[in-house]
Amino acid sequence: EAARAAPVPAPPRTATQSTARAAAAAVSSASTTSATVMITIETNRNQNNNSRQKKWKLHDTSLVTKLKTDYTKYYKSKGCKKVKFYIRNQLITNESQSLRDLGIGNGDMVYAMENGKAYKPM
């Protein structure tokens, strides 16, 4: 029997200018922006003294509106219609900011005051 010849591998592809530019842009943008990190934050509901707080896993680039939506959805059955968040005794007024921009990191406590209840600075 005749020996079969091994298949000849295809020559390597050369990068086109557009893909080379795209790769260079991706490398440069990746080096200037920091990576998204998953963080766990806790919410204290209406300044209660419960030892177990609700934990939320979010990206540090998530907006406060994401937390607000998830929170009101979770506590809707318990009567939550609207909520305001406080971090370090400060009301979070700009809900279009990311958690990272506000300095909220892994393990931080965010106070959630529902339906117009007053926050008492601690």
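The values are calculated or read from the model by the stated rules, or taken from the named source; none is laboratory data. Because the structure is predicted, anything quoted here is derived from the model rather than measured. No Cβ is skipped: glycine too gets one built from the backbone with ideal geometry, and neighbour counts run over all protein chains shown. Please note that ligands, DNA and RNA were not included when accessible areas were found on the heavy atoms of the full protein model with its side chains. Shrake-Rupley method; radii C 1.70, N 1.55, O 1.52, S 1.80 Å.
What the phi angles of the range 90-95 give under the Karplus curve with 6.51, -1.76 and 1.60, with θ = phi - 60°, is a coupling list of 10, 5, 7, 8, 9, 7 Hz, glycine and proline written as x.
At a Förster distance of 30 Å, what's the computed FRET efficiency of Asn94 paired with Asn48, Cβ-Cβ distance as r, to 0.05? Efficiency, from the Cβ-Cβ distance: 0.70. Around the amide H of Val37, modelled in the peptide plane, lie the amide H atoms of Asp60, Thr61, all under 5 Å away and 5 or more residues distant in sequence or on another chain.
On a 22 Å Cα-Cα criterion, which of the cross-link pairs Lys81/Lys117; Lys66/Lys120; Lys57/Lys117; Lys73/Lys120 come out too long?
In this structure, Lys66/Lys120; Lys57/Lys117; Lys73/Lys120 exceed 22 Å between Cα atoms.
The order of Met109, Met38, Met122 by accessible area, most exposed first and with a 1.4 Å probe, is Met122, Met38, Met109. Residues whose amide H lies under 5 Å from that of Val110, counting only those 5 or more places away or on a different chain, are Glu42, Thr43, Asn44; hydrogens are built 1.01 Å from N in the peptide plane. Using a probe radius of 1.4 angstrom, the carbon and sulfur fraction of the accessible surface of the range 71-110 is 45%. Taking all protein chains together, Arg100, Arg52, Arg45, Arg88 sort by accessible area into Arg52, Arg88, Arg100, Arg45, largest first [probe 1.4 Å]. Across the range 70-87, coupling constants 3J(HN,Hα) worked out from phi with the 6.51/-1.76/1.60 Karplus curve, θ = phi - 60°, read 5, 5, 5, 5, 5, 9, 4, 5, 9, x, 6, 10, 8, 8, 10, 10, 10, 10 Hz, and Gly and Pro carry x. Computed from backbone phi, the HN-Hα couplings of the range 101-117 come to 4, 7, x, 7, x, 4, x, 6, 9, 10, 8, 10, 10, 9, 6, x, 5 Hz, rounded to whole numbers (Karplus: 6.51 cos²θ - 1.76 cosθ + 1.60, θ = phi - 60°; Gly and Pro given as x).
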